There are 2 protein chains.
Amino acid sequence: VAVGILDVDLCGPSIPHMLGVGRPDVHQCDSGWVPVYADAQKGLALMSIGFLLEDPDEAVVWRGPKKTAMIAQFVSDVAWGELDVLLVDTPPGTSDEHLAVLENLKKHRVDGAVLVTTPQAVSTGDVRREITFCKKTGVRILGIIENMSGFVCPHCSECSNIFSKGGGEELAKLTGSTFLGAVPLDPLLSGAMEEGADFIRSFPDSASFGAISTISRALLCDLEGA
Amino acid sequence: VAVGILDVDLCGPSIPHMLGVGRPDVHQCDSGWVPVYADAQKGLALMSIGFLLEDPDEAVVWRGPKKTAMIAQFVSDVAWGELDVLLVDTPPGTSDEHLAVLENLKKHRVDGAVLVTTPQAVSTGDVRREITFCKKTGVRILGIIENMSGFVCPHCSECSNIFSKGGGEELAKLTGSTFLGAVPLDPLLSGAMEEGADFIRSFPDSASFGAISTISRALLCDLEGA
């Protein structure tokens with residue numbers, strides 16, 4: 001499956017670091033910016049404002065209109081090539097970035113939104129507002145993922161629900177959405193993201209990888225049916 | 001100490017829930033909106049867009065200019081009364097909300113910014129950009145707090161650094177900022193926020209309360225000296 005990831009968190013672009021691609025120069029070709037390909041995951045193309053800043057500590061002090069223009073460029077001017085899936089990672093909220101993505105993807109087919117929450121009420125509350133946004137803007141909800149869902153101590157194997165429990169599944173029920181699954185807190189996963197390492201190849205037996213792969217398969221299945 | 005909290009996370013107002021004040025109606029007096037007072041903590045006044053929405057699930061689908069206007073109103077039209085400290089809680093980033101707060105507080109004295117990170121590189125990277133923003137806009141950095149800093153298993157007392165280790169302190173050193181302290185992951189603290197309970201009175205002996213109270217005292221000391 002050829003996947004593209006478009007990172008529209010313009011003030012906090014973290015995906016380049018998590019995928020271990022660093023800060024390569026972005027090249028231009030006739031059909032636009034050439035996305036950056038992650039070494040570890042073949043076929044995974046990435047575009048992020050992180051590649052366009054000269055200094056990694058540079059603050060993107062942009063108001064909404066400038067953000068909107070940048071996102072329009074990301075959607076129209078990146079030479080993604082043939083993709084099966086384009087995943088757009090947005091910051092939290094229901095503001096300029098979200099509106100800009102939808103407006104600029106109008107010409108294309110938007111399959112829907114995957115909403116990620118933690119189990120806590122303050123987080124499900126934010127996602128409830130995102131659901132309202134999706135309904136208002138006519139975006140189908142592909143499902144809800146509960147992240148940071150329990151922590152199994154690697155020393156004693158006891159589980160602690162550090163950020164409460166079950167909020168994602170409950171939210172899915174309440175709103176008639178699909179519950180895609182729960183991803184536990186996992187130092188292996190956050191360690192791999194910290195190092196930009198290939199989590200899938202390093203920890204195929206971890207609980208968090210199991211959860212993520214079940215969720216991905218369900219999503220792909222849904223999209224292929226669409 | 002009379003403290004006011006202004007929640008300018010317009011798309012994700014979570015402070016009313018965390019302080020257990022629910023969604024009371026906000027009243028008007030001659031000098032503006034009357035803030036909501038938290039029951040448990042005497043003298044703690046709060047203003048948030050959460051109080052102004054009819055439906056808690058309502059999405060605030062606002063672009064930058066509307067956000068900026070709302071924040072201007074929050075700064076000028078709330079009857080805070082006599083305050084020793086006004087704490088403004090912003091969403092992450094360096095965009096409309098942050099610029100609006102600074103512009104509207106120009107007439108007042110802005111003592112500085114408290115920056116909160118997790119230990120991870122993706123989070124310290126975001127905070128490095130916030131530091132650049134503070135330098136550009138002339139805001140003094142009061143210090144850096146490391147949140148989600150290690151988890152002591154309540155079953156076996158072993159510590160797991162779920163989100164890496166030491167990133168906040170290292171960032172403070174690298175940028176010449178004060179390191180205010182590290183707050184561990186604590187189910188007691190997140191549970192109290194989930195219920196809107198009074199954490200200070202319920203768990204005065206917890207490690208996270210110890211860390212928070214040391215940080216608060218250092219900050220107050222700094223502000224009183226200013």
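Every number here is computed from the coordinates shown, using simple stated rules; none is lab data. In this text the structure is predicted, and so the values were computed from the model without any measurement. Glycine also receives a Cβ, built like all others from the backbone with ideal geometry; neighbour counts cover every protein chain displayed.
Observations on the structure shown:
- The range B:82-108 and the range A:50-119 have Cα centres lying 26 Å from one another.
- Mean residue ellipticity (222 nm) of chain A, computed from DSSP H runs ≥ 4 via -39,500 (n - 2.57), nearest 500: -11500 deg cm²/dmol
- Across the range A:111-226, Cα pairs under 8 Å and at least six residues apart give a relative contact order of 24 percent.
- Part-to-part distance (alpha-carbon centres) for the range A:122-157 and the range B:148-224, which is given in Å: 25
- Dividing the mean sequence gap of close Cα pairs (under 8 Å, 6+ apart) by how many residues chain B holds gives a relative contact order of 19 percent.
- Loop sites in the range B:77-117: GluC sites (Glu not before Pro), DSSP, at most 11 other Cβ within 10 Å: B:E82
- log₁₀ of I(q)/I(0) at q = 0.15, 0.16, 0.22 Å⁻¹ - the range A:22-103, Debye sum with one point per alpha carbon: -0.61, -0.70, -1.28
- Restricting the calculation to alpha carbons of chain B gives Rg and Dmax of 17.9, 57 angstrom.
- Net charge of Cβ neighbours under 15 Å - reference B:R217; Lys, Arg +1; Asp, Glu -1: -3
- Taking N as its residue count, the alpha carbon Rg of the range A:111-226 over 2.2 N^0.38 Å: 1.12
- Each principal axis of the protein assembly as shown carries a Cα extent, and these read 62, 51, 47 Å when sorted largest first.
- In this Cβ point-charge picture (+1 for Lys and Arg, -1 for Asp and Glu), the protein assembly as shown has a dipole of about 660 debye about its Cα centre.
- Of the trypsin sites (Lys or Arg not before Pro) in the range B:40-149, the ones in a loop by DSSP (not H, G, I, E or B) with at most 14 other beta carbons within 10 Å are B:K42, B:K106, B:K107, B:R109, B:R140.
- Which of B:M47, B:M148 has the fewest Cβ neighbours within 10 Å, and the rest in rising order: B:M148, B:M47
- Other protein chain C-beta atoms within 10 Å of residue C-beta, averaged over B:111-122: 2.
- Kyte-Doolittle at least 0.5, axis length at least 18 Å by Cα - qualifying DSSP helices, chain A: A:207-225
- Modelled FRET efficiency - R0 22 Å, B:V26 with B:D57, Cβ distances, 0.05 increments: 0.75
- Those lysines that a straight Cα-Cα span of less than 23 Å connects to A:K67, excepting residues fewer than 8 apart in one chain: A:K106, A:K107, A:K136, B:K66, B:K67, B:K135, B:K136
- Exposure proxy ranking for A:T178, A:T117, based on other Cβ atoms within 10 angstrom of each Cβ and starting from the fewest, stands as A:T178, A:T117.
- Relative contact order of the range A:1-110, pairs being alpha-carbon contacts under 8 Å that are 6 or more residues apart, as %: 38
- Amide proton proximity set for B:D89, modelled H, under 5 Å, gap of 5+: B:L6, B:D7, B:V8
- The label-point distance for B:D84 and B:L174, in a model that sets each label 7 Å from Cα toward Cβ, rounds to 3.5 nm.
- Shielding value for A:89-100 is 5, the average number of Cβ atoms from other chains within 10 Å of each residue's Cβ.
- Long-range amide H partners of A:F163 with built H, under 5 Å: A:G150
- When each of A:H17, A:H27, B:H155 is scored by the number of other beta-carbon atoms lying within 10 Å, the sequence from fewest to most is A:H27, B:H155, A:H17.
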